[in-house]
Amino acid sequence: MRYAAAISGTEKPVFAGIVYGVMAGALWGVIFLVPRVLSMFSATELMVGRYVAYGIVSLVFLLPVARRVLPRLDRRDWFTLFWLSVAGNLIYYFMLAIAVQRVGVAATSLVIGMLPVLVTLAGSTDHNAVPLRRLALPLAAIVLGVLCNGADVLTARLPADYAQSTGARLLGLGAAVAALLSWSAYAIGNARFLMRRSDMSSHDWSLLMGVTTGALALLTGVLVLGPSAASHHVARPWGWFTLAMFAIAIGASMVGTGLWNAATRRLPLTLGGQMIIFETIFALFYGFCYDARLPRPLELAAIFLLLGGVAGSSWAHAARHAPEHPG
């Protein structure tokens, strides 16, 4: 009852924001599984394929409203679109695919589970943010969970198609950290843009982001993949590749980003950062189902610590926003 009262007393519909964040996480979790299923394709091919498909789908939906949306963008908006597309889409998924193909879905998603820590630290001075001293224990649990994950990667016996040497495993973990940093930059920059441009709808901004990312991905494909395409004769399942790229373009990139933008507008930055952990939770679920196995002990410890950290942070936010006289 107290939690419900806390939600009803907020200035913004926090409960709706949490629901949108969870739904976005369920869709985004799929993107961790794709590099595992399509392991015969390189990280560059997966990145280009995903975002070219995303750009095509976004362009179809943007064209009917382009005359209304495009004139409202200034030079600063275009620059924001460019760097968010590069950091939050191209670099992020390229590094994520490298990490998944070297150390697996679970390890990669748990490293990226550190994102709430970075976003919370960045938003700690924002208006209405919860004081960091009240988040110290939940954030410590999240950090400890990621440390458990790192220990598991370096000590566990991984399947033959993953990295086997310590150096190769560290490279995979390093790629996951790079994905974490690029995602953090995107989450913080995107949230602050939407707060600054309250006149821009989340849907329109998602479409603009999709078209911009698609154009950059197409250029990357031409420059990087074009010269080697003619000499690559290995038969690969291009039909499944195309189907998967458009599936995640519509589900994860378009619908998921729209849900995330809707969540961002309803949550303070610190709480919004915690919601990203649901991407990790769903990625773990999908990965374990695909590999048909249960978590190893250190993985299980990491999962419980991450979940506990998010639950503690959410409770701190509910208490922070509770009215003094709920009745």
*Once whole DSSP H runs in the chain are found, which of them have Cα atoms spread over 18 Å or more along the helix axis and a mean Kyte-Doolittle score of at least 0.0?*
14-28, 43-62, 132-155, 166-196, 202-220, 277-291, 297-321
*Given R₀ = 30 Å, FRET efficiency for LEU154-TRP315 by Cβ-Cβ distance, to 0.05?*
0.35
*Fully extended, how many nm does the chain gain between ALA136 and ILE56 (0.36 nm per residue separation, minus their Cα-Cα distance)?*
24.5 nm
*Find how much the distance from ARG196 to LEU219 grows on full extension, using 0.36 nm per residue of separation minus their present alpha carbon separation; answer in nm with one decimal.*
5.3 nm
*In Å², what does the accessible area per residue of the chain work out to with a 1.4 Å probe?*
45 Å²
*Within the accessible area of the chain, what % is carbon and sulfur when the probe is 1.4 Å and the other protein chains stay in place?*
71 percent
*Separation of the LEU300 and ARG67 label points, Cα + 7 Å toward Cβ, nm*: 6.2 nm
*Would you calculate, for the chain, the mean residue ellipticity at 222 nm contributed by helices, counting each DSSP H stretch of 4 or more residues as -39,500 (n - 2.57) and dividing by all residues, to the nearest 500?*
-23500 deg cm²/dmol
*Could you give the Stokes-Einstein D for the range 99-218 in µm² per second, using the C-alpha Kirkwood radius, 20 °C, 1.002 mPa s?*
129 µm²/s
*Quote the FRET efficiency, to the nearest 0.05, computed for ARG293 versus ALA247 with a Förster distance R0 of 22 Å and r equal to the Cβ-Cβ distance.*
0.35
*Hey, got the dipole for the chain? About the Cα centre, +1 on K and R Cβ, -1 on D and E Cβ, debye to the nearest 20?*
300 debye
*Based on the Cα atoms of the chain, what semi-axes does the equivalent ellipsoid have, where each is the square root of 5 times one gyration tensor eigenvalue, given in whole Å with the largest first?*
32, 27, 15
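The values are calculated or read from the model by the stated rules, or taken from the named source; none is laboratory data. None of these values were measured; they are calculated from a predicted model. Cβ coordinates were reconstructed from backbone atoms using ideal geometry, including for glycine residues, and neighbour counts include every protein chain displayed. Heavy atoms of the whole protein, side chains included, go into the accessibility calculation; ligands, DNA and RNA do not. Shrake-Rupley method; radii C 1.70, N 1.55, O 1.52, S 1.80 Å.
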